[in-house]
């Protein structure tokens, strides 16, 4: 199946979730405002080369769902996640290539956007308390895992030296699937903590939820590394599938911790 077809399926799936959300009924943040802000955000992400054209379409739907269900607080945290991950990607690529990332990448595709945020959008599409409570914490766990994974990979590969395989505990080449470095892991933890601190600072999550989200994000990051070093290395999963499963793991761990 071609990349364009996969991207079209990813966008269609996200649009379907948005339609189900609207059919389920509110309360919603202003639908016209949500749509306009979501499109503006996605276009800005495209201009910054954080996403490609397909990623712009997927990102606009995701942003709409975040804003319509979780209001400005949840959308603001999505913005924080975007800034942190884009900044880490730029920093990592500039260190490796000596060039401005914005001139050397077309950004994430629709498939990549869906793989990273599908779990969060499903939670929001069916949750009754998307603007607070457990659903909010689960979505935050997905965002925190996304940050931890991206930051640890980008910063670890660029600045962490020779990483270690999570499975064999042997030194491997930077960029190897499932490789971990102390520098990258710490950077990922800091990135996740910034998001969680932002959520706690605006009163979106309490102390117990903050701890659960952080532990879930780190667990998801290690699941990502374990899957990368095993199933992805053997060609049984691709990177998008690994990202999807690791965000799912973060949400599940967070739900278990908040029982």
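Return the only residue of 200, 158 being within 23 Å of residue 90 (Cβ to Cβ) and either in a helix (DSSP H, G or I) or at pLDDT 95 or above (or both). Explain how you work it out, then say what you get.
Values: 200 fails: within 23 Å of residue 90 (Cβ to Cβ).
The conditions single out 158.
Every residue, every condition in (1) assigned to a helix (DSSP H, G or I); (2) more than 16 Å from the chain's Cα centre (by Cα); (3) free of Cβ contacts under 8 Å to residues at least 40 places away in the same chain; (4) within 18 Å of residue 36 (Cα to Cα), yes or no:
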position	(1), (2), (3), (4)
59	yes, no, no, yes
66	yes, no, no, yes
70	yes, yes, no, yes
73	yes, yes, no, yes
84	yes, no, no, no
Legend entry - Residue in region 143-167 that is surrounded by the most Cβ atoms within 10 Å (Cβ to Cβ), counting only those that are free of Cβ contacts under 8 Å to residues at least 40 places away in the same chain and more than 26 Å from residue 251 (Cβ to Cβ): 163
Inset, instruction - Taking the residues in region 43-55 that are under 15 Å from the mean Cα position of the chain (by Cα) and in a helix (DSSP H, G or I) as candidates, determine which candidate is nearest to residue 25 (Cα to Cα). - result: 55
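Let me confirm something: among 125, 120, 135, 114, which residue is closer than 21 Å to residue 22 by Cα, without any contact (Cβ under 8 Å) to a residue 24 or more places away in the chain and touching a helix residue (DSSP H, G or I) at 6+ places or on another chain (Cβ under 8 Å)?
Values: 125 fails: without any contact (Cβ under 8 Å) to a residue 24 or more places away in the chain; 120 fails: without any contact (Cβ under 8 Å) to a residue 24 or more places away in the chain; 114 fails: without any contact (Cβ under 8 Å) to a residue 24 or more places away in the chain.
Only one candidate passes the filter, namely 135.
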Legend entry - Count of residues meeting criterion [surrounded by 15 or more Cβ atoms within 10 Å (Cβ to Cβ) and under 16 Å from residue 120 (Cα atoms)] in region 16-37: 3
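Scan region 116-133 for residues that are modelled with pLDDT of 75 or more and surrounded by 24 or more Cβ atoms within 10 Å (Cβ to Cβ) and jot them down.
Keep residues of region 116-133 that are modelled with pLDDT of 75 or more, which gives 116-127, 133.
Of everything in region 116-133, those that are modelled with pLDDT of 75 or more and surrounded by 24 or more Cβ atoms within 10 Å (Cβ to Cβ) turn out to be 116, 117, 119, 120, 121, 124.
The values are calculated or read from the model by the stated rules, or taken from the named source; none is laboratory data. These figures come from a predicted structure and were not determined experimentally. Glycine gets a Cβ as well: all are built from the backbone with ideal geometry, and neighbour counts include every protein chain shown.
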